[in-house]
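Values in this text are rule-based calculations from the coordinates and carry no lab data. The structure displayed is predicted, hence computed values, not measured ones. Every residue, glycine as well, gets a Cβ built from its backbone with ideal geometry; the counts of neighbours run over all protein chains shown.
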Amino acid sequence: MKKVVWGVLSTAKIAWEKVIPAMQRSQHCEIRAIASRDLGRAQAMADRLNIPKAYGSYEALWADPEIEAIYNPLPNHEHVPMTLAAARAGKHVLCEKPVALTAKQAEALREVADKVHIMEAFMVRFHPQWLRVVERVRAGELGTVQAIQSFFSYYNRDAQNIRNQADIGGGALYDIGCYPITIGRLLFGCEPTRAIALFDRDPDFGTDRTVSALLDFGAGRRLDFTISTQATAYQRVQICGSQKRLEVQIPYNAPLDGSTRIFADAGKHLDDSAMESETLAACNMYGLQGDAFSRAVRGEIALPYGVEDAICNMRVIDALFASERSGAWESV
């Protein structure tokens, strides 16, 4: 199929460090332009990454008739307004997570969802390790899955980092808590009914730095996770069934172009001596994500995840923030 022509909205680090290089090497994406509110920055990044066009405004990017799809990695508070503006100009949009700051904000994207494709950029959903986990769970290998546990942390107290700026959507839940929520919804294949959480906030930044949450998916199924932006770097997911458990070694920041491993254990020995390992071949999940979205743009496949999926994820985040305020279970 003909490659989809992409433009990138801003010179955000995740774009130039991870997403753009991956999409440039992918099968169905052509990165043709990048925009910044500072033309000099846009041109410097275009030169650095061999991107043909640079624009000094976002409006100029989506006014370019050659651009078919936009990648939006702007700070969280700009996700909805800039995605709406690009979509109203007729561009398909792959928007970084979280798609909004609230579910109500995300619902505004319904205005354009029937005109262009809009997808929240959870690259993990396209990684072969998660496709394999879903396959094994759906096949009944684990028996009845009733509990998913996750831990995800890193250490960052840089006041200039957008993750530590509360007024533009910083904090642990927006940045990394959205990942275990997405994985729980994916594996259980349904939405949680209620949620409760314990928050700890940074006294200087006001952001949530550590959050522990429990989501009730009904029928005895639950997801619990702890996330932190001020703890030693670590991540893991445990999926526990009646017959077997799966452990995903690097669930969220899987090595780019490196292999990954899934462990399986039927509980014969509690010291993990009977654990089995499955290795997944090297890949780049950002490139796979870009290719999947591009194929949807071309009509080769249905859009894997749309606006309604993004709204559902935001409803869970809303419930967890509400639980912080109430100290009780909140409906999702």
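Taking Cα atoms, how many degrees apart are the long axis of helix 79-88 and the longest axis of the chain, rounded to 10 and kept between 0 and 90?
The two axes meet at around 50 degrees.
Please build a GNM for the chain, connecting alpha carbons under 10 Å apart, and tell me which residue among 115, 244, 268 fluctuates the most.
Result for the chain, Cα springs under 10 Å: 268 fluctuates most.
Taking 0.36 nm per intervening residue step and subtracting the Cα-Cα distance, what contour gain separates residue 167 from residue 274 on full extension?
Values: separation 107, 0.36 × 107 = 38.52 nm, distance 4.85 nm.
Full extension from residue 167 to residue 274 adds 33.7 nm.
Mind pulling the angle between the C-alpha long axis of helix 178-188 and the longest principal axis of the chain? Nearest 10 degrees, somewhere in 0 to 90.
The angle comes out near 60 degrees.
Quick check: net charge around residue 143, other residues with Cβ under 14 Å of its Cβ, Lys/Arg +1 and Asp/Glu -1? Please list the in-between numbers first.
Numbers: positive: 136, 138, 221, 244, 245; negative: 141, 265.
It works out to a net charge of +3.
Be a star and scan the stretch 216-259 for residues whose amide nitrogen sits under 16 Å from the point 7 Å along the Cα-to-Cβ vector of residue 193.
Inside the label zone: 216-223.
Once you have the Kirkwood Rh of the stretch 219-332 from its Cα pairs, apply Stokes-Einstein at 4 °C and 1.567 mPa s and quote D in µm²/s.
Values: Rh = 17.8 Å.
The diffusion coefficient I find is 73 µm²/s.
Residue 40: net charge of surrounding residues, Cβ under 14 Å, Lys/Arg +1, Asp/Glu -1, itself excluded? Can you show the working numbers first?
Values: positive: 37, 41, 48; negative: 38, 47.
The answer is +1.
Could you tally the net charge around residue 164, taking each other residue with its Cβ under 13 Å from the Cβ of residue 164, Lys/Arg +1 and Asp/Glu -1?
Around residue 164, the surrounding residues sum to -2.
In µm²/s, what is D for the stretch 73-161 at 4 °C and 1.567 mPa s, where D = kT/(6 pi eta Rh) by Stokes-Einstein and Rh is the Kirkwood radius from Cα pairs? Present the calculation step by step, with values, prior to reporting the outcome.
On the way: Rh = 15.9 Å.
Rounded, D is 81 µm²/s.
Could you point to the residue in 142, 106, 195 farthest towards the positive end of the chain's charge dipole, with +1 and -1 charges on the Cβ of Lys/Arg and Asp/Glu respectively?
142
How much length is gained on full extension from residue 282 to residue 141, taking 0.36 nm per residue of separation minus their Cα-Cα distance? Show your work: numbers first, answer last.
On the way: separation 141, 0.36 × 141 = 50.76 nm, distance 2.43 nm.
Using 0.36 nm per residue and subtracting the Cα-Cα distance, I get 48.3 nm.
For the chain, what is the calculated [θ] at 222 nm in deg cm²/dmol (nearest 500), taking -39500 (n - 2.57) for each run of four or more DSSP H residues and dividing by its residue count?
It lands at -8000 deg cm²/dmol.
Work out how much length residue 256 to residue 155 would gain on full extension: take 0.36 nm times their residue separation and subtract the Cα-Cα distance, in nm to one decimal. Don't skip to the answer; put the middle values down first.
Details: separation 101, 0.36 × 101 = 36.36 nm, distance 2.07 nm.
In short, 34.3 nm is gained.
What residue among 10, 90, 214 has its Cα farthest toward the positive end of the dipole of the chain, where the charges are +1 on Lys, Arg and -1 on Asp, Glu, each on the Cβ?
Of the options given, the answer is 90.
Cα to Cα, under 26 Å, and not fewer than 8 places away if on the same chain: which lysines meet these conditions relative to residue 91?
Filter leaves 2, 3, 13, 18, 53, 104, 115.
How big, on average over all directions, is the shadow cast by the Cα convex hull of the stretch 246-306, in nm²?
5.7 nm²
Connecting C-alpha atoms closer than 10 Å in a GNM of the chain, tell me which of 45, 123, 285 has the biggest fluctuation.
Highest fluctuation of the listed residues: 45.
If I model a spin label at residue 233 and residue 57 as a point 7 Å from the Cα along the Cα→Cβ vector, what separation in nanometres do I get?
Label at residue 233, label at residue 57, 4.0 nm between them.
Hey, rough spin-label estimate for residue 44 and residue 204, points 7 angstrom out along Cα→Cβ, what's it come to in nanometres?
Taking the two extended label points, one gets 2.6 nm.
Residue 280's amide H: which non-local residues (gap 5+, or another chain) put their own amide H closer than 5 Å, with H modeled 1.01 Å from N in plane and none for Pro or chain starts?
Answer set, sorted by chain and number: 260, 261, 262.
In degrees, nearest 10, range 0 to 90: what is the angle between the Cα axis of helix 285-297 and the longest Cα principal axis of the chain?
It works out to around 60 degrees.
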